[in-house]
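Heads up: the structure comes next, in structure tokens.
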Amino acid sequence: MEIKQYLTTVNFTPSTNKQNKYIVIHYTANDGDTAQGNANYFHSINRNASANYFVDENEIIQVVPDNYIAWHCGAKTYVHPYCRNTNSIGIELCSRKDSNGNYYFKDETVKNSIELVCDLMKKYDIPIDNVIRHFDVTGKRCPEPLIETTAWEGYKTRLKNEFLGSNLDDNKEGDNLYQNINEVPEWAKNTIKKLTDKGCFGNVNKLNLTDEMLRVFVIMDRYIG
Ligand SMILES: [Zn+2]
């Protein structure tokens, strides 16, 4: 899904060395608000709060760039030992209230957020265990619809499936075939260089190596030598 940008001019701290190690999920605690409505709200007036992204059932809007610090999980005391605004990306999901006054997310909103989280996990090499809730950082009941353990586990399962599925798609699309040493990714270069130097391949410009083959060669090189 396309990510729109409507960057705030005030609600963030610039940074030149931010490392994104966590993704923190929030809810807006509103009833039927939109990503654009939130982007407008945070756009040019200091709200002493923000997030990197707002997600609703129709779109994803980025308000603070990933490399800048959004103000989404700051607190006086923390329950999480490491996750802070300075090393995380904050994502707000627009919420709704049912007739009993309970907050919930529309399924499309959840789906859009999972797509976004998945992209960010890949982009910054963030493991699924580091996708956490505001609740896990400070103890605040946010995101309310995902506080219950089974609800959160359900979210993580969907995320895991999406992540695995999209990796398969990536391989299909790219069907990465490496033909010479220059095309081989860094992590496998030494190993393949050794093999080509030893004359293991008939034609060093037509290696026809897949990622799986690289993985096997590297593992053998590492453990068998
Ligand atoms: Zn929150």
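The values are calculated or read from the model by the stated rules, or taken from the named source; none is laboratory data. Note that the structure is a prediction, hence the values are computed from the model and not measured. Reconstructed Cβ throughout: ideal geometry from the backbone, glycine too, with neighbour counts over all protein chains shown.
The sole residue among Y22, Y104 that is surrounded by 22 or more Cβ atoms within 10 Å (Cβ to Cβ), among the aromatic types (F, W, Y) and under 27 Å from E148 (Cβ atoms) is Y22.
Condition test on N87, is it more than 16 Å from the ligand (Cβ to nearest atom), over 9 Å from the mean Cα position of the chain (by Cα), touching a residue at least 60 places away in the same chain (Cβ under 8 Å) and crowded, with 18+ Cβ neighbours inside 10 Å?
Numbers: more than 16 Å from the ligand (Cβ to nearest atom): yes; over 9 Å from the mean Cα position of the chain (by Cα): yes; touching a residue at least 60 places away in the same chain (Cβ under 8 Å): yes; crowded, with 18+ Cβ neighbours inside 10 Å: no.
When the stated conditions are applied, N87 does not pass them.
If you go through segment 131-159 and keep only what is away from the ligand (no atom under 16 Å from the Cβ) and crowded, with 18+ Cβ neighbours inside 10 Å, you end up with just L159.
Can you find a residue in segment 52-59 that is of a type outside the set (D, E, K, R) and surrounded by fewer than 20 Cβ atoms within 10 Å (Cβ to Cβ)?
yes
Scan segment 92-105 and tell me whether some residue there is of a type in the set (G, A, S), at pLDDT 95 or above and part of a helix (DSSP H, G or I). No. Hey, any hits in segment 38-45 for a residue that's within 18 Å of E144 (Cβ to Cβ), within 16 Å of the ligand (Cβ to nearest atom), in the same structural domain as W152 (by TED's automatic domain parsing) and surrounded by 15 or more Cβ atoms within 10 Å (Cβ to Cβ)? Yes: one or more hits.
Of the residues making up segment 166-179, those that are over 15 Å from the mean Cα position of the chain (by Cα), part of a helix (DSSP H, G or I) and either at pLDDT 70 or above or not acidic (D, E) (or both) number 4.
Within segment 42-49, does at least one residue satisfy the condition of being of a type in the set (S, T, N, Q) and touching a His at 6+ places or on another chain (Cβ under 9 Å)? No, segment 42-49 has no match at all. Here L209 meets each of (1) touching a residue at least 60 places away in the same chain (Cβ under 8 Å); (2) buried (at least 17 other Cβ atoms within 10 Å of the Cβ) with one exception, condition (1).
Can you say whether T34 is within 25 Å of A151 (Cα to Cα) and within 16 Å of the ligand (Cβ to nearest atom), as far as the supplied structure shows? When the stated conditions are applied, T34 does not pass them. Across segment 25-37, the number of residues qualifying as loosely packed, with under 15 Cβ neighbours inside 10 Å and at negative phi comes to 1. Within segment 106-136, the only residue that satisfies the criterion of being more than 20 Å from G154 (Cα to Cα) and either hydrophobic (A, V, I, L, M, F, W, C) or part of a loop (DSSP other than H, G, I, E, B) (or both) is D125. Inside segment 62-84, residues that are aliphatic (A, V, I, L, M) and more than 15 Å from the ligand (Cβ to nearest atom) make up a count of 1. A single member of L116, L146, L120, L93 is among the hydrophobic types (A, V, I, L, M, F, W, C), farther than 24 Å from P65 by Cα and in contact with a strand residue (DSSP E or B) (Cβ under 7 Å, 6 or more places away or on another chain), and it is L146.
Does segment 131-143 contain any residue that is small (G, A, S), closer than 28 Å to K18 by Cα and modelled with pLDDT of 95 or more? Give the derivation first.
To start, the set of residues in segment 131-143 that are small (G, A, S) comprises 139.
With the extra rule that they be closer than 28 Å to K18 by Cα, the set shrinks to 139.
Within this subset, residues satisfying the condition of being modelled with pLDDT of 95 or more are 139.
There is at least one residue in segment 131-143 that is small (G, A, S), closer than 28 Å to K18 by Cα and modelled with pLDDT of 95 or more.
Can you name every residue in segment 47-61 that is closer than 16 Å to R133 by Cα and either away from the ligand (no atom under 15 Å from the Cβ) or in a loop (DSSP other than H, G, I, E, B) (or both)? Residues satisfying the conditions are S50, A51, N52.
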